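Scroll down for the structure; my scribbles are underneath it.
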Amino acid sequence: MSSHTINNLTVHRYRASRGFSLLEALIGFMILSIGMLGIASLQGISLKVGKTSVYGSVAMMKVEELFESMRANPTVLATYAASGAGSGVANACSGAQGCTYADLALDDIFWWKQNLTAGLPSTASTTTGVTVSFAAPPSKLATVTVTVNWSERNKDSATSVVKTYTDSANICTVIPC
């Protein structure tokens, strides 16, 4: 009889714990689901932050590109400043085309703006500004400041947030400096 009691006790314990493994599986699945939702949320945030850094890099590279155009054509820095907030003019200054230095500056601004708005979001809200501060003689250096503003979608709401990149460079106004 003692052996029957042991078998009956074993059967009773087995019946009492049959649903326990299903409950464990459901709790484990719930914990796993919450973790996966957290990972998906972090991935979305990292994509947004990555986009913001790409836009900042585009603005920085394009401003440096404009500085290099100004260094190659330093005698008309005032033309760059006057047309920096505008759109420039496509003068097709290339190769054997006979353009003045001012025409080249307007052409540089035109293509710079085209490339800048192509690389930044919402091109309608992208604005630029170029200011030139000439030093007093005998100095031949001018301080050029370029500002680029653009709008990005805010990660917390449906509104947009304005981002700005500003950089300055000293450019020699005559060749050789």
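The values are calculated or read from the model by the stated rules, or taken from the named source; none is laboratory data. Keep in mind it's a predicted model, so treat the numbers as computed, not measured. Reconstructed Cβ throughout: ideal geometry from the backbone, glycine too, with neighbour counts over all protein chains shown.
Restricting the search to the range 97-122, which residues are buried (at least 19 other Cβ atoms within 10 Å of the Cβ) and acidic (D, E)?
D107, D108
Restricting the range 128-148 to residues that are over 13 Å from L77 (Cβ atoms) and at pLDDT below 90, which is surrounded by the most Cβ atoms within 10 Å (Cβ to Cβ)?
Narrowing the range 128-148 to residues over 13 Å from L77 (Cβ atoms): 128-129, 136-139, 147-148.
Checking which are at pLDDT below 90 leaves us with 128-129, 136-139.
Values: T128: 23, G129: 13, A136: 5, P137: 6, P138: 5, S139: 12.
Here the residue is T128.
Please tell me if V63 is of a type in the set (V, I, T), part of a helix (DSSP H, G or I), touching a residue at least 60 places away in the same chain (Cβ under 8 Å) and surrounded by 19 or more Cβ atoms within 10 Å (Cβ to Cβ).
Values: of a type in the set (V, I, T): yes; part of a helix (DSSP H, G or I): yes; touching a residue at least 60 places away in the same chain (Cβ under 8 Å): yes; surrounded by 19 or more Cβ atoms within 10 Å (Cβ to Cβ): yes.
Yes.
Of the residues that sit in the range 49-60 and are closer than 9 Å to G119 by Cβ and in contact with a strand residue (DSSP E or B) (Cβ under 7 Å, 6 or more places away or on another chain), which one is surrounded by the most Cβ atoms within 10 Å (Cβ to Cβ)?
A59
So is S69 at pLDDT 85 or above and part of a helix (DSSP H, G or I) or not? Explain how you work it out, then say what you get.
Details: at pLDDT 85 or above: yes; part of a helix (DSSP H, G or I): yes.
Yes.
Return a yes/no flag: does the range 143-158 have any residue that is part of a strand (DSSP E or B) and of a type in the set (D, E, K, R). Full working, then the answer.
Initial filter on the range 143-158 (part of a strand (DSSP E or B)): 143-153.
Retained after the next criterion (residues that are of a type in the set (D, E, K, R)): 152-153.
Scanning the range 143-158, I find at least one residue that is part of a strand (DSSP E or B) and of a type in the set (D, E, K, R), so the answer is yes.
For the range 99-132, enumerate the residues that are of a type in the set (G, A, S) and free of Cβ contacts under 8 Å to residues at least 12 places away in the same chain. Quick ask: steps written out before the conclusion?
Of the range 99-132, the ones of a type in the set (G, A, S) are 102, 105, 118-119, 122, 124-125, 129.
Correct list: A118, A124.
From S151, S160, S125, grab the single residue that is touching a helix residue (DSSP H, G or I) at 6+ places or on another chain (Cβ under 6 Å), surrounded by 13 or more Cβ atoms within 10 Å (Cβ to Cβ), over 18 Å from A82 (Cα atoms) and modelled with pLDDT under 90. Full working, then the answer.
Numbers: S160 fails: touching a helix residue (DSSP H, G or I) at 6+ places or on another chain (Cβ under 6 Å); S125 fails: touching a helix residue (DSSP H, G or I) at 6+ places or on another chain (Cβ under 6 Å).
Exactly one residue qualifies, and that residue is S151.
Since C93 meets every condition but one in (1) part of a loop (DSSP other than H, G, I, E, B); (2) surrounded by fewer than 19 Cβ atoms within 10 Å (Cβ to Cβ), which condition does it not meet?
(2)
Of (1) surrounded by 13 or more Cβ atoms within 10 Å (Cβ to Cβ); (2) more than 11 Å from the chain's Cα centre (by Cα), S46 satisfies all except one. Which?
All conditions are met except number (1).
Among the residues of the range 70-124, count how many are closer than 23 Å to A59 by Cβ and acidic (D, E).
The qualifying residues number 2.
Of a type outside the set (K, R), buried (at least 18 other Cβ atoms within 10 Å of the Cβ), within 19 Å of K163 (Cβ to Cβ) and modelled with pLDDT under 90: does that describe G84? Please lay out each step first, then the result.
Values: of a type outside the set (K, R): yes; buried (at least 18 other Cβ atoms within 10 Å of the Cβ): yes; within 19 Å of K163 (Cβ to Cβ): yes; modelled with pLDDT under 90: yes.
Yes; evaluated as a whole, the condition is true for this residue.
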